[in-house]
Structures are given as structure tokens and as C-alpha cells.
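Here the structure comes first, spelled out in C-alpha cells, and everything after it is commentary.
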Amino acid sequence: MDSIPMNVSGHFNYWVAIFLMMTGFYVVISRGNLIKKLIGLNLFSTSVFILYISLGKIHGATAPIASETFHLYSNPLPHVLILTAIVVGVATTAVGLALTARIYEQYGTIEEDEIRIKDESL
Amino acid sequence: MIHLPHLAHLAIWQVLFPLLAAPLCLLLRSGRLAWLIATLASWASLAVSVLLLRTINCNGPLTYNLGGWPAPWGITYHVDALSAFVLLIVSAMAALVMPYAAKSVSREIDVENHRLFYALLLICQAGLLGIVVTGDAFNMYVFLELSSLSSYALIALGKRRRALTAAFQYLVMGTIGATFILIGIGLLYSLTGTLNIQDLAVRIALIPTSAVGHRTLITAFAFLTVGFSLKLALFPLHLWLPNAYTYAPSVVTTFLAATATKVAVYMLLRFSFSILGSRFVFEQLTLGKIMLLPSLAAIIIASLVAIFQYDIKRMLAYSSIAQIGYMTLGISLNSHTGLMAGILHMFNHALMKGALFMVMGAVSYRVGSVYLNDFRGLGRRMPWTMAAFVIGGLSLMGVPLTAGFISKWFLIEAALETGWWSITAVILLGSLLAVIYIWRVVETAYFNPLQEIEDDEHTEAPASLLIPLWILIGANIYFGIDTSVPVDMASWAASALLEGTMR
């Protein structure tokens, strides 16, 4: 009967990933501040990194090093993929922040509803 | 065709030309020189895609292993009928947009940003071509982000400040879409342990429907479909598109409207048909039923909204959403004719929307903006530009002897095959709505003369804008009369997809 708690704790990483994903998604949708939106977006995409990294991890395994003492290896491929995805994430954040800075220069605010009012008043 | 050993390298050159030219543009000090390099690179890339099309026509699909690593381990580039067709659309549009860009960009973008602009446009092109040419799911995601990130920056270069908010909105929605795609690819990898598209297809076919992994597969497919729908602006997920197209510089709108959404449709086709297989997708996941309603809603609602727009660029953007509805409608009908009509419409829509947005660029070059009022009297002052608008508009409506007619014809044929008359009615209604919104502009341009005429101010657009525009208009008419090339290609691609192989 102890299979259910085992299952829940065994999937701990996935629970964290899903929780972070939903938190990030909620922040993107509910906040009007552009910087907060970007933070939410970052949280959202970082949770996917955790999902990928958890996929490759095997309990008690090491990095794939050819050696006599180790026989159980984690899968390095998802980890390598995520290095690429992190770079993409950094680039996205950079573009997003640059746009926010330009929006602040032009509008004098980074609140979405205030920007909307300024556009409509034209 | 002579068999050359170097022919396999064509696949990689397709991406390398624009990708290598982009940093070169950055290094150069002069915007003029950057333009020259960008134009040459886009022409070279067009030559490569024409060669690729001829090669796979003779020798069948082409596979190229990057760095010589064999298929399931290394990244492979794989070109089949569908990808060769989409490659041709993207590189042909880029090759036409570059010469057009010289004048239009000099009017709309500050001189010191010119080389940055061409570098970004080339990176965007490289990303779009890379998505189509690659045979590796994760590589596809990387190219997708490459093209998306550069298009956010390109849209933000628009003159009006709303371009910035439009680009930000696109960035948020585009990143959510791309992350959904990333989750989908991750789930497929967790299920199969491979990222190679052909290998994925083989291994997924082995999973029995009762297995636990089957649920992962359905979840992966759900994430992928939502992600692609965001990227291709399927009806309820289209919100980023109107602002992005309206406020971007004319050249950017022309290029993105003609290529970016088509490439997203390509990704949807590739994942649904080549990886998961048409039977699985349609019989168990009911993709047809999921896509049908949004497609029909897109055709009617987006066309209705287009009628009430006063910014003509925004009107054409809404019309694009409706036209994407036609493509997804063709896919959702789940027949060879439907799929073929969808693929054919990708090509024809690139021709007509490319031409119409080029008209917008020419008008904004001479008049400064593209509100409905600005079109008064333009029929007389810019006769070539407005004549192009009329022919492009006729093609959009689907009048016989234009390219638009051909794809609508096959779409109606596919709808009649299923026996659902209501779909046929919706397709025709969509065309009638297109008549209304195109007619508003034509009426203003030809039958609403401007009172005061400043003769030397608003004259015909320069030749460098008109020549690429009329090449596209010529293609609209040519492919409306001699339909053999695109129809054969689309039909071939559709049969290959339905067989579920990448042949």
C-alpha cells in the first residue's frame, strides 16, 4: 500500500516543475507590469528546464565517465539540450528587457493599462 | 540530372548562406553594402532551394548528416517534397523582398540601423529555412526561436511607438508558444529516447494504444498543437498578429506575412503527419474535429473584423488570419484533396499577401500612412501600384484566372467530398466578405477623387518597389492559369504526408 506515497515523492521534481510552470503562467497572464510579465515568463520557461533535467537523471547514477568503479550513468543528452534552451531563454529575456526599456522611454510607464490609455488618447 | 557528390551539401548551404551573411552585414559600416550582401545571400539561397527542388524531384528525398554522424545520433537535415516546397516559398519571398527593401527601408528606418536591420532579416530567414530543412525535433525548436527572436526585434523597428508594445505582446505569446512546443518535444523524447524525426516516427508506431506511454503521447501532442496554433495564429490564439503586422516596417510585414505563419503550418504538418502519423492523429486524437471549428470561425469572424478596419495594413492582417483558417480547414478535412488544398494555399497566400503588403509599402513610401482616407485619388496618381492592389485583391477573393481561385477550388472540392455543405457555404461566404473589404479600398482609390492635387508630391512609386511587386502579381496570374507546377508539388507532398513517411 506504500506505492502511492512512493509515487508522489518519486515524482517530486515533476510536481515542482508543474507548480512553477503554472505560477509563471499565472504571473504572465495576471500582471500588467511588463517586468513582472517577463519574470513570469522566465519562471515558466525555467520550469521546463527542470522537467528536462529530471528526465535524464537516474537515482544513484553519475555523469557518463568511462571508469571501472561506475556502472550507472545519467543520460547527458537532456542536460545538453537544456544548455541550449538556457541560452535561448537568456536571449529572450534580453530582447524583452530591451523592449521594456524602449517602451519606458517612449511612454514613460511600463504598466499595461496606462500604456493603453496613452495609445487611445492619441 | 547529373549526380554530383556535392549535391547533398545543398541542404546545409540553404541555411548557411543567410546565416553567414548576417554577421558580415554587422561588420560592415555601410548600410548600402549590407543591403548588397543581404540581396546576394537571399538570391544564392533561392538558387539553392531551386536546385534542391530539382534534385529531390529526380533522386527522391535528400538526407544530410551534420559532421558525418549517422542518423539517430547526429543531427540530420532532411529535405522531402513538402520541405522543398516550403523552402522555395520562403527563399523566393526573401529574394523578392530584399531588392524591394532598399528604398522602403531607407524611408522607414534610421540610417544607422540599416545594417542591423539587414542582419536581423537574414537571421530571421535563416531560422525559417532551418526549421524546414532540419530533420531533428530539438534543432527545429532552436531555429524556431532564432527566427522568432529576430522577428520581435524587426517588428520593434517600426516607426510608431505602438510597434514596441506590439513586439512585446508578440514576444510574450511567441515564447509561451515556443515553450509549449519545447514541453511537447521533451515528452516525446522521454517516451522514445530520440529526437530524430524519422526515428521518432518508427518508435512511436511501436507503442500500443493501451500502454501507459500512450497517455504521455496524447499530452505531448496537446502541448505541440497548442504551441503551433499560437505560432500560426489559429483563430482564438491570433491576438498577437494584427498589432505585429500593422506596426512593423512594411518590408518586415511583407516578409513575415508571406513566410512565418506558413512555416508554423509546416511544423504542424510535420509533427502531426510525419511523426505521429495521419491515422493516429485523426482517428484517436481527432485533430480534424479540434481544428475544424477554429478554422471556420477564423474565416468568418476575422473577415468580418477586417471589413471594419480603417488602417488598411490592419485590415490585411485580419484577412491573413482568415486565410490561415483556409489552410487549417484543408488540413482538418482529413483527405488527400483537403491536405493538398491546404498546402497549395500556403504557396498562393504567400503570393497574394506578399503582393498586397508590398502595395502597402509603396503607398506608405509615397503618402506616409495607409489609412483608408490616404487612398483617395490614388487610382490616378499611382496607377501601377493600385492596379497591383486590384489584381492581388482579386486573387485574395478567389476570382478565376488568379492563383487564389485554384486553392479555393480544391478546398471546395475537398469540402464536397466530405459531404458537408455548410463548410462549402462558409468558404464561399469568406470569399464574399473578402470582396467587401477589398472593394472599400478600390472604391476609395478610383471613385473618390481628392479635391486638391499637389502634382509633384504623390506620384508613382519608384521602380525598385514596383518591379518586385509586379513579379509577384505576375506570379499570381501565371499560377492561376498554368497550375501544373504548384498543384503537382502540393499533391506530391500531400500523398507523402498521408503515407506517413518522409518520402
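Dipole magnitude for the stretch B:288-503: about 460 debye, using +1 per Lys or Arg Cβ and -1 per Asp or Glu Cβ, origin at the Cα centre. Once the convex hull of all Cα atoms in the stretch B:288-503 is built, its volume per residue stands at 112 Å³.
Please label the shape of the protein assembly as shown as rounded, prolate or oblate, based on the square roots a ≥ b ≥ c of the eigenvalues of the alpha-carbon gyration tensor (a/c under 1.5 means rounded; beyond that, a/b larger than b/c means prolate, else oblate).
Prolate, since a/c reaches 1.5 and a/b exceeds b/c.
State whether the stretch A:22-122 is rounded, prolate or oblate according to the following rule on the C-alpha gyration tensor (a ≥ b ≥ c being the square roots of its eigenvalues): a/c under 1.5 gives rounded; otherwise a/b larger than b/c gives prolate, and the remaining case gives oblate. It comes out prolate by the Cα gyration axes.
What is the angle, in °, between the Cα long axis of helix A:12-30 and the longest principal axis of the Cα atoms in chain A? Nearest 10 is fine, range 0 to 90. Approximately 10 degrees, to the nearest ten.
Among A:67, A:45, A:54, the residue with the largest mean-square fluctuation in a Gaussian network model of chain A, with springs joining Cα atoms closer than 10 Å, is A:67. Across the stretch A:84-99, computed HN-Hα scalar couplings (Karplus, 6.51 cos²θ - 1.76 cosθ + 1.60, θ = phi - 60°) run 4, 5, 5, 4, 4, x, 4, 4, 4, 4, 4, 4, x, 5, 4, 5 Hz from first to last residue, x flagging Gly and Pro. As a ratio to 2.2 N^0.38 Å, the alpha-carbon radius of gyration computed for chain B takes the value 0.93.
Please sort by residue number the trypsin sites (Lys or Arg not before Pro) in the stretch A:14-110 whose DSSP state is loop and whose Cβ has at most 14 other Cβ atoms within 10 Å. Passing sites in the stretch A:14-110 are A:57. Shielding by partners for peptide B:163-173, expressed as the average number of C-beta atoms from other protein chains within 10 Å of each residue's C-beta, is 6. The Cα atoms of the stretch B:41-152 cover 47, 28, 20 Å along the three principal axes, with the biggest extent listed first.
Once the Cα atoms are used to define both axes, helix A:34-56 deviates from the longest principal axis of chain A by about 10 degrees. If we count every other residue with Cβ under 13 angstrom of residue B:136's Cβ, Lys/Arg +1 and Asp/Glu -1, where does the sum land? Taking every Cβ under 13 Å from that of residue B:136, the sum is 0. Seen from residue B:71, the other residues with C-beta closer than 11 Å to its C-beta sum to a net charge of -2, counting Lys and Arg as +1 and Asp and Glu as -1.
For the protein assembly as shown, a simple Cβ point-charge model (Lys and Arg +1, Asp and Glu -1, everything else neutral) yields a dipole of about 220 debye relative to the Cα centre. Farthest toward the positive end of the dipole of the stretch A:3-120, out of A:17, A:96, A:28, is the Cα of A:17, where the dipole comes from beta carbon charges about the Cα centre.
All other residues whose Cβ lies under 12 angstrom from that of residue B:172 are scored, Lys and Arg at +1 and Asp and Glu at -1, for a net of +2. Pairing chains A and B buries close to 2800 square angstrom of accessible surface in total, based on protein heavy atoms and a 1.4 angstrom probe.
The values are calculated or read from the model by the stated rules, or taken from the named source; none is laboratory data. Please read these numbers as outputs of a predicted model, since none were measured by experiment. Cβ: placed from backbone, ideal geometry, glycine included. Neighbour counts: every protein chain shown. The area values use the complete protein model at the heavy-atom level, side chains included, leaving out ligands, DNA and RNA. Shrake-Rupley method; radii C 1.70, N 1.55, O 1.52, S 1.80 Å.
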